[in-house]
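Here's the structure we're looking at; comments come further down.
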Amino acid sequence: MSRFDFTPYRRSTVGFDRLFDLLENQARLNAGDNYPPFNISRRGEDNYRITLAVAGFRPGDIDITAQQNLLVVQGKKRDDAEDGQELIHVGIANRGFERRFELADFVRVERADLADGLLIIDLVREVPDAMKPRKIAIGGTATLTAVPGPDSDDSASAA
């Protein structure tokens with residue numbers, strides 16, 4: 001296991017203690033178990049998707065809990081034998097699991113679906129209007145005009 005040393009960054013930054021603690025804790029917690037496997041994808045500027053491979057689990061076997069800045073996905077193991085069947089070989093993993101995802105501020109779960117052995121959780125970031133950049137006129141008051149970001153084409157056309 002490789003360990004990152006954030007000491008040089010801690011010396012030259014102020015107010016990022018929570019971020020460095022989060023990174024160090026995640027490295028410790030996720031060092032061993034990689035079950036179930038998952039993907040995280042960005043689907044737009046403010047849209048994300050987490051896809052977990054949960055073959056053999058039913059919707060009733062999975063609990064998804066969203067708290068402030070934390071998403072917890074738990075799968076509960078159920079009895080392997082169904083309808084009096086005797087399993088001769090068990091090759092499909094059906095063990096219980098708990099997977100935690102730290103969420104950024106203003107990120108919320110939009111929906112969750114289970115299909116074809118994949119649990120898909122869509123996330124969206126909704127920044128409140130009070131937190132968005134505002135244009136401040138000199139000698140005037142703040143207006144609610146959105147300030148174009150660095151990726152915006154508006155900044156190139158204004159030059």
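What follows draws every value from the coordinates through simple rules; no lab data is involved. These numbers were taken from a predicted model, which means no experiment stands behind them. With ideal geometry, Cβ positions are generated from the backbone for all residues, glycine too; neighbour counts draw on all protein chains shown.
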Subject >> Least to most buried among PHE57, PHE97 (fewest other Cβ within 10 Å first) >> reply: PHE97, PHE57
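Using the count of nearby Cβ atoms within 10 Å as a rough guide to exposure, how do ARG99, ARG78 rank from fewest to most? Walk me through the numbers on the way to the answer.
Numbers: ARG99 20, ARG78 14.
Arranged by neighbour count, lowest to highest, ARG99, ARG78 become ARG78, ARG99.
Taking 0.36 nm per residue of separation and subtracting the Cα-Cα distance, what length does fully extending ARG43 through LEU114 add? Intermediate values should be presented prior to the final figure.
On the way: separation 71, 0.36 × 71 = 25.56 nm, distance 1.85 nm.
Roughly 23.7 nm would be gained on extension.
Shape verdict for region 91-135, please, from the Cα gyration tensor: rounded (a/c under 1.5), prolate (a/b greater than b/c) or oblate. Could the numbers behind the result be given before it?
Details: a/c = 5.87, a/b = 2.80, b/c = 2.09.
The shape class here is prolate.
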Original post:
By count of other Cβ within 10 Å, fewest leading, how are ARG49, ARG111 ordered?
Top reply: ARG111, ARG49
**OP:** Please work out how much length the chain gains when fully extended from VAL90 to ALA104, using 0.36 nm per residue of separation minus the C-alpha to C-alpha distance, in nm with one decimal.
**Re:** 1.2 nm
Original post:
How far, in nm, would the chain grow between ALA53 and ARG18 when pulled straight, counting 0.36 nm per residue and subtracting the alpha carbon separation?
Top reply: 9.6 nm
